[in-house]
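The values are calculated or read from the model by the stated rules, or taken from the named source; none is laboratory data. Everything numeric in this text was worked out from a predicted model, so none of it was measured. Using ideal geometry, Cβ is built from the backbone for each residue, glycine included, and neighbour counts are taken over all protein chains shown.
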Amino acid sequence: MIISVGARYFKEQDIDEFRECFYLFARSGQITSLDELTVVMRSLGMSPTIQELTGYLKGKGGKMSFADFLEVMHIHSRAENLPHEVVDAFRAGDSERRGVIPARQLRHLLQNWGEGLSSREVPICLRIWTFSSSNSLSMPDVPGIVPQSFNFEGR
């Protein structure tokens, strides 16, 4: 069952990552608390609200197997729609509407928007992207910020 549910929505590599994270935090083999579900989903890059998390857990009767978790990840990844949210956030930061974002401004956004990255995490992220000679990131490159292995548009 687990493979058929997951294989429909995620790549095998993603399922392996989900499984590893799931069993790291759900030591009993099931998620039984809101805290466990929160940690697992956020560890995998999702940003569910407490209300969403409560609904997911309640919808599974307060206990969530790995197969249930894959279903929840699929539902949430479609709802979250990260690539569009990320692009919209960067467009909002492109005050001159040039289609680029300066590295200095990107650093500020990464540290101050949403949960914000630490001053140690930002340089790691900045190394991932290729900046132009003017030290800017082109907007068409922005969706690459979000992991491409998830089937968001279809995580």
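You will find that of 90, 131, 69, the residue that is modelled with pLDDT of 80 or more and of a type in the set (Phe, Trp, Tyr) is 69 and no other. Taking the range 26-49 as the range and being over 20 Å from residue 10 (Cβ atoms) and within 16 Å of the chain's Cα centre (by Cα) as the test, the residues that pass are 38, 49.
Give the range 90-103 a look and list any residue that's over 14 Å from residue 125 (Cβ atoms) and not in a strand (DSSP E or B), or say none. Walk me through how you get there before you give the answer.
Here is the first cut: in the range 90-103, the ones over 14 Å from residue 125 (Cβ atoms) are 91-100, 102.
91, 92, 93, 94, 95, 96, 97, 98, 99, listed by residue number.
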